[in-house]
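Here is the structure we will look at, set down as structure tokens.
The values are calculated or read from the model by the stated rules, or taken from the named source; none is laboratory data. Note that the structure is predicted; figures quoted are calculated from it, not measured. Glycine also receives a Cβ, built like all others from the backbone with ideal geometry; neighbour counts cover every protein chain displayed.
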Amino acid sequence: MTNEFKPDPVISAEDSRAFTEDKYVPLKKEVFVKAADAMSDKGYEEAYLGDTLRFKMKRDNKRFWAGDNISDYLHEGDIERLIDEATEAFETVLDRLLIDRENDPNSKGTARRLAKMYFNEIMAGRYEPAPDATAFPNDSADRYEGMLVVRSELRSMCSHHHQPVSGVAYIGIIAANKLIGLSKYTRIAQWCARRGTLQEELCNDIAREIMRATDSENVGVYVQAVHGCCENRGIMAHSSLTQTTVLKGAFNTDGNTKKEFFDNIKLQQDFAPR
Ligand SMILES: [Zn+2]
């Protein structure tokens, strides 16, 4: 009896299929790494750009979870290359799902459509830098001292099942010495949402990024959303609604501020289009 590993002749056989359409040449070029260069950005390159970037992020202890932004690691043209690489990977997924992407006209371009959708749409907030939120001074004698509540529509995706999450965030703020344009609140919220998230995490992320963009310590974020992973699978609970709240500064410590925030949300809900 021996434990020697014998490769399966079928599984390890060379793939000799000749695809006439959607032909994709694997990027299996040889990789050379000079040991001295492996810890710097020069001299290290994997066959896949995605692998090179993962190596760099691990080396730097940079977290790259589904809800993290990694735009600092991307350069011009990288997204196109990453889409090519993800297309190849999605082709493998479709093959493993036994979907005939050679003959089924609806599945022919699906791998590339999925790759583009992930990078450019549903996970765009991971790859794009933060929206540019130009700040205007709010420090004159007649500065605005009231509460501001903005309703932002959100589309997100749960990182567990990659199912859609859709809902709204109500962002409340008592402005500090600067103000940002009204649309920027929604841009920031959507930038946080277009990733793989959990709603609890998303609520925190929006509060943190709004505080960063406005310098205000008094911020409240309330998110209500429906989750595809509860509606389309699992418990199949249609129209189940999840609510999360993050309160910072006066929103947390002062009962009146908190009440005013939730009263504003109710007013918004009374008037908002359904
Ligand atoms: Zn889920």
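Which of (1) within 10 Å of the chain's Cα centre (by Cα); (2) more than 16 Å from the ligand (Cβ to nearest atom) does PHE136 not meet, given it meets every other one?
Of the numbered conditions (1) within 10 Å of the chain's Cα centre (by Cα); (2) more than 16 Å from the ligand (Cβ to nearest atom), the odd one out for PHE136 is (1).
What are the pairs with Cβ atoms under 7 angstrom where one residue, in the stretch 174-189, is touching a residue at least 60 places away in the same chain (Cβ under 8 Å) and the other, located anywhere, is among the aliphatic types (A, V, I, L, M) and not in a strand (DSSP E or B)? Sequence gap at least six, or different chains.
ILE174/ALA250
Limited to the stretch 159-199, what total is found for residues that are within 16 Å of the ligand (Cβ to nearest atom), surrounded by fewer than 22 Cβ atoms within 10 Å (Cβ to Cβ) and over 20 Å from ALA130 (Cα atoms)?
Looking only at that region, the number is 8.
Applying the selection to the stretch 85-102, what residues are part of a helix (DSSP H, G or I) and free of Cβ contacts under 8 Å to residues at least 40 places away in the same chain? Can you show your working first?
As a first pass, look at the stretch 85-102 and keep what is part of a helix (DSSP H, G or I): 85-96.
Answer for the stretch 85-102, where residues must be part of a helix (DSSP H, G or I) and free of Cβ contacts under 8 Å to residues at least 40 places away in the same chain: ALA86, ALA89, PHE90, THR92, VAL93, LEU94, ASP95, ARG96.
Please indicate, with yes or no, whether at least one residue in the stretch 227-249 is more than 16 Å from the ligand (Cβ to nearest atom), of a type outside the set (D, E, K, R) and under 30 Å from ALA115 (Cβ atoms).
Kept after step one, since they are more than 16 Å from the ligand (Cβ to nearest atom), are these residues of the stretch 227-249: 239, 243, 245-249.
Narrowing the set further to residues that are of a type outside the set (D, E, K, R) leaves 239, 243, 245-247, 249.
Applying the additional criterion that residues be under 30 Å from ALA115 (Cβ atoms) yields none.
No; the residues of the stretch 227-249 include none that is more than 16 Å from the ligand (Cβ to nearest atom), of a type outside the set (D, E, K, R) and under 30 Å from ALA115 (Cβ atoms).
Yes/no per residue for (1) more than 30 Å from SER216 (Cβ to Cβ); (2) out of contact with any Cys (no Cβ under 8 Å at 6 or more places or on another chain); (3) at pLDDT 95 or above; (4) not aliphatic (A, V, I, L, M):
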{"site": "LYS56", "(1), (2), (3), (4)": "yes, yes, no, yes"}
{"site": "ASP68", "(1), (2), (3), (4)": "no, yes, yes, yes"}
{"site": "GLU91", "(1), (2), (3), (4)": "yes, yes, yes, yes"}
{"site": "TYR127", "(1), (2), (3), (4)": "no, yes, yes, yes"}
{"site": "THR134", "(1), (2), (3), (4)": "no, yes, no, yes"}
{"site": "PRO137", "(1), (2), (3), (4)": "no, yes, no, yes"}
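Across the stretch 103-141, what is the number of residues that are part of a helix (DSSP H, G or I), among the aliphatic types (A, V, I, L, M) and touching a helix residue (DSSP H, G or I) at 6+ places or on another chain (Cβ under 9 Å)?
In the first step, residues of the stretch 103-141 are kept if they are part of a helix (DSSP H, G or I); the result is 110-122, 124-127.
This time we only want the ones that are among the aliphatic types (A, V, I, L, M), so: 111, 114-115, 117, 122, 124.
From the residues that got through so far, the ones that are touching a helix residue (DSSP H, G or I) at 6+ places or on another chain (Cβ under 9 Å) too are 111, 114-115, 124.
Selection size over the stretch 103-141: 4.
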